[in-house]
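The values are calculated or read from the model by the stated rules, or taken from the named source; none is laboratory data. Since the model is a prediction, treat every value here as computed from it, not as a measurement. With ideal geometry, Cβ positions are generated from the backbone for all residues, glycine too; neighbour counts draw on all protein chains shown. For the accessible areas, the whole protein counts, side chains as well, though only heavy atoms, and no ligand, DNA or RNA atoms are used. Shrake-Rupley method; radii C 1.70, N 1.55, O 1.52, S 1.80 Å.
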Amino acid sequence: MTASPQPRALISVWNKDGITDFAKALADRGISLVSTGGTARALSDAGLNVTGVSEVTGFPEILDGRVKTLHPKIHGGLLARRDLAEHRHALETHDIAGIDLLIVNLYPFVETRAASTDRDEIVEMIDIGGPAMIRAAAKNHRHVTVLVDPSDYPRVLKTLDHGGVSETLKRELAGKAFAHTAAYDAAIAAWFAEDNETLPDTLTLTAKKALDLRYGENPHQTAAFYSGTADAGPGIATAEQIQGKALSFNNINDTDAAVQLVSEFGTEQPAVVIVKHANPCGVALGHALEDAYSKAFACDRTSAFGGIIAVNRPLDGASAKAMTEIFTEVVIAPDADADARAIFAERKNLRLLLTGGLPDPSVGGPDLRTVSGGYLLQDRDAGRIGADDLHVVTKRAPTEHELSDLLFAWRVAKHVKSNAIVYAKDQATVGIGAGQMSRVDSTRIAARKAKDAQAASGAAEPATIGSVVASDAFFPFADGLMTAAEAGATALIQPGGSVRDKEVIAAADDRDLAMVFTGMRHFRH
């Protein structure tokens, strides 16, 4: 740093974590300090000699601080190439001193947006001068070291003590700075896009790496977990891991599927979801979590081994004891009492995640997927159906008990990969068919799983006897309905809309089945 008689650092930070100690360390190394507004006051209060930006520019801060660093004496000092004689001459001609370090972080736009609905307040958190300085310094990174993250302060100090900041580190910090401003601008653009009824012409994304993963779906794939916006509600991205091994790519994907499904049931009645490979293999409501878990586990004892469990209320000792009787990868819950934590602690590898609450299934949001050379973006499926939305299409209407089970099965089917078939009885799944190319195959697989569960439990008959069936999309032919009837189902819920609806309804009437149409489908791919 030789561009000016004494190296200079310009400091202007909203997040002041560690800034006074860092500034003192810079001053101790012979670097003069220039600063703005509240940062200058904080450094001065700490006993440091600080030159205000207004003293450098000869112009006061105006417009309530909106304009303070947007000045040639600041940006000239940041952008001048010290290896070019004409740039050095320009600095001398206009009495501009070079700036060798820039320490800036930005107004808390994302945090303010998450906490406030006051548009004017949010707009004031759109930083202008900060991003301009960061980009200038990052562009000129061969001559200026730019820091946007307090965690980088110690290593910069270390390099200053060993010959100066290396070209490699300067380049790394510049890349980090551009990523910082890009994410900041993307968050602002996304906020403005919320005013539009249509999807944006330009898709801007911002996410921060939360976790490096050992590998992706398979060991030969690299992977990391990125968290989204600061206003994300309870869920996998905000959960606290209490114990267990590090989460894997598949753990995170499956756990998200489990917590999204369990949130469909709110908190009025204990609910348990068991997921395997992103599909539920058991879902139930009960009078207590232990009871709900027992019913969910009974649906498919084989698939539950090594599965993911999500619950909708704090875990207690009884439920924890039941859940640890077989190998389980992850348990996610709003909370867990001391007894539950002690029981889980005996299973060192089991991952326990606490969210503090549940996602709101009625809230939409972006659902983004990658394809070769592009992205698919849609609104998240926040569609919900209640009893008043159903249309009875058969001669026999469902009984009150059947109706309750139909609505339960419909909520589960929404989260099963299509083609999805869910048999349910007494507020518990008893057979699930997922991800088949043929709907009738899903119906048969679900019925077969119920027979397997019967054999495992020693029950007198499969639980599909007297059950109801939910289909995520219409039955294209009557064969799927007839398979369900042969398995013992008495009522069905489906979207309707097939050209063969009349044929399917007639088949239901012939077997005295009750059937309701929702008018809404839930394909999940």
Label-point separation in nm, Arg500 to Asp185, each point 7 Å along Cα→Cβ: 5.5
Alpha-carbon centroids, segment 56-78 and segment 224-279: separation in whole Å: 47
Net lengthening on full extension, Arg142/Val371 (0.36 nm per residue, minus Cα-Cα): 78.7 nm
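Given the Cα-Cα distance of Lys16 and Ala342 and 0.36 nm per residue of separation, how much length would full extension add, in nm?
Length gained between Lys16 and Ala342: 113.5 nm.
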Cα-based shape type of segment 6-150, given that a ≥ b ≥ c are square roots of the gyration tensor eigenvalues and the cut on a/c is 1.5: prolate
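If you roll a 1.4 Å probe over segment 1-117 with all protein chains in place, what percent of the accessible area is carbon or sulfur? Numbers along the way, then the final one.
Numbers: 3060 of 5980 Å².
So the carbon and sulfur contribution to the accessible surface is 51 percent.
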C-alpha center-to-center spacing [segment 482-525, segment 302-333] in angstrom: 34
Rounded FRET efficiency, nearest 0.05, which uses the C-beta distance separating His277 from Ala455 and R0 of 22 Å: 0.45
Degrees between helix 249-262 axis and first principal axis of the chain (Cα, 0 to 90, nearest 10): 60
Estimated distance in nm for a label pair at Glu240 and Thr159, the labels positioned 7 Å out from Cα along Cα-to-Cβ: 3.6
Å² of accessible area per residue within the chain, as computed with a 1.4 Å probe and no ligands counted: 48
Net length gained if the chain between Arg511 and Gln6 were fully extended (0.36 nm per residue, minus Cα distance): 172.6 nm
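Let me have the relative contact order for the chain, percent, based on Cα pairs under 8 Å that are six or more residues apart. Walk me through the numbers before you get to the answer.
Numbers: 1062 pairs, mean separation 44.6, N = 525.
Relative contact order for the chain comes out at 8 percent.
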Efficiency of FRET between Asp45 and Val67 - r from beta-carbon atoms, R0 30 angstrom, step 0.05: 0.75
Angle between the chain longest axis and helix 501-510 axis [Cα atoms, degrees, rounded to 10]: 40
Shape of segment 348-395, Cα gyration tensor, a/c cut at 1.5: oblate
Per-pair calculated FRET efficiency, R0 = 22 Å: Glu486 and Thr302 via Cβ, rounded to 0.05: 0.45
Degrees separating the helix 129-139 axis from the principal Cα axis of the chain, which is the longest one: 80
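Report, in listed order, any pair from Lys24/Lys209; Lys68/Lys170; Lys73/Lys139; Lys209/Lys348; Lys245/Lys295 with a Cα-Cα distance greater than 24 Å.
On the way: Lys24/Lys209 31 Å; Lys68/Lys170 26 Å; Lys73/Lys139 17 Å; Lys209/Lys348 26 Å; Lys245/Lys295 28 Å.
Going by Cα-Cα distance, Lys24/Lys209; Lys68/Lys170; Lys209/Lys348; Lys245/Lys295 fall outside the 24 Å limit.
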Expected 222 nm ellipticity per residue - DSSP helices of 4 or more, -39500 (n - 2.57), all of the chain, to 500: -11000 deg cm²/dmol
Alpha-carbon centroids, segment 130-190 and segment 397-473: separation in whole Å: 56
Label zone at Arg380 (point 7 Å along Cα-to-Cβ), backbone N below 18 Å, segment 407-428: 411-417
Candidate aspartates and glutamates - alpha carbon under 16 Å from Lys276, same-chain residues fewer than 8 apart omitted: Glu217, Asp254, Asp256, Asp300, Glu329
